[in-house]
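Student: Quick one: structure below, then a few questions.
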Amino acid sequence: MISQPADLDAVRDSYDRVADNYVDMVRTTGIGDIRTHPWFRAVMDVFADAVGGLGPVLDVGCGPGTVTAYLAERGLDVTGVDLSPRMIEHARRLYPDCEFRVGSSTELELAEASWGGLLGWWSLFNLPRDVLPKVLSSFARALKPQGQLMIATHVGDGDVERTEAYGGVPVRWTTHLWRPEQLTELLEQAGLKPTAELRLPADGPVGPTVVLVARRP
Ligand SMILES: C[S@@+](CC[C@H](N)C(=O)[O-])C[C@H]1O[C@@H](n2cnc3c(N)ncnc32)[C@H](O)[C@@H]1O
């Protein structure tokens, strides 16, 4: 069992509050839509090719379902899950043919060796530092052999306390910044083998970023 983060309710409420603006941002600016970002789209296409034949894919922290739908369009058997019921309402409205459910990455009870691919696409940075390794271990166990986990997150040191986001909406969450090598170490400790790493600089559309891919041996 993974102990629930103390701030989980606050994080859920915060994403419920920003969900409408987040959807608006994706629609009007393309930020948050991998189709508008060549590097993100490229890594997502490689991921889709790698895991498509292996088994189902779970998009953990799917938000309004943009990536879930992208992968479904490519023929993958993909489900989106998110902490925020409001995000999932949007996902179901926008992509009625896709499967979505509400849940936290900390309480998914994923069956051993049952998933071809898992995604933590901009959705793991709110997990407390002592919780993330446990979540990654649960992901590692849930992957089939050769199954892949791909994560994208903000790079840096320290923790940023957010009090507003996405157009001045009041929120209460912590963004935990990670250095790529710290995350690689966590993935290895979870039993995964790193397969790829993409770093994007601070002047990109979302600030310093790392995308990491790792597979279950
Ligand atoms: C920045 S959004 C990214 C959403 C989506 N992956 C995308 O790329 O559009 C972060 C998402 O992570 C979700 N999230 C945060 N903590 C979570 C948790 N413990 N379990 C599941 N989802 C979580 C939020 O509700 C939110 O939808």
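Just so it is clear, none of the values below were taken in a lab; they were calculated from the coordinates. All figures in this text were calculated on a predicted structure; none of them were measured in a lab. Neighbour counts run over all protein chains shown; Cβ positions are idealised from the backbone, glycine included.
Student: List every residue pair whose Cβ atoms sit under 7 Å apart, with the two residues 6 or more apart in sequence or on different chains, where the first one lies in segment 56-82 and is without any contact (Cβ under 8 Å) to a residue 60 or more places away in the chain and within 17 Å of residue 123 (Cα to Cα) and the second, anywhere, is acidic (Asp, Glu) and part of a loop (DSSP other than H, G, I, E, B).
Tutor: 66/33
Student: Something else about it: Among the strands (runs of 3 or more DSSP E) confined wholly to segment 50-134, which include 3 or more residues that are away from the ligand (no atom under 11 Å from the Cβ) and farther than 23 Å from residue 21 by Cα?
Tutor: On the way: elements: 57-60, 78-82, 99-102, 115-121.
Answer list for segment 50-134: 115-121.
Student: In the list 112, 185, 107, which residue meets the criterion of being of a type outside the set (Lys, Arg) and free of Cβ contacts under 8 Å to residues at least 12 places away in the same chain? If you could, list the steps in order and put the result at the bottom.
Tutor: On the way: 112 fails: free of Cβ contacts under 8 Å to residues at least 12 places away in the same chain; 107 fails: free of Cβ contacts under 8 Å to residues at least 12 places away in the same chain.
Just a single option satisfies the conditions, and that option is 185.
Student: Now for a different question. Only one of these is in contact with a helix residue (DSSP H, G or I) (Cβ under 9 Å, 6 or more places away or on another chain), among the aromatic types (Phe, Trp, Tyr) and farther than 18 Å from residue 183 by Cβ: 115, 121. Name it.
Tutor: Values: 121 fails: farther than 18 Å from residue 183 by Cβ.
Answer to the check: 115.
Student: Residues in segment 135-149 that are surrounded by fewer than 24 Cβ atoms within 10 Å (Cβ to Cβ) and within 14 Å of the ligand (Cβ to nearest atom): how many?
Tutor: Of the residues in that region, 2 qualify.
Student: I would also like to ask the following. Take the residues of segment 1-48 that are among the acidic types (Asp, Glu) and under 21 Å from residue 210 (Cβ atoms): which is farthest from the ligand (Cβ to nearest atom)?
Tutor: In the first step, residues of segment 1-48 are kept if they are among the acidic types (Asp, Glu); the result is 7, 9, 13, 16, 20, 24, 33, 45.
Going one step further and asking which of them are under 21 Å from residue 210 (Cβ atoms), we end up with 33, 45.
Working: 33: 8, 45: 16 Å.
Per the stated criteria, the residue is 45.
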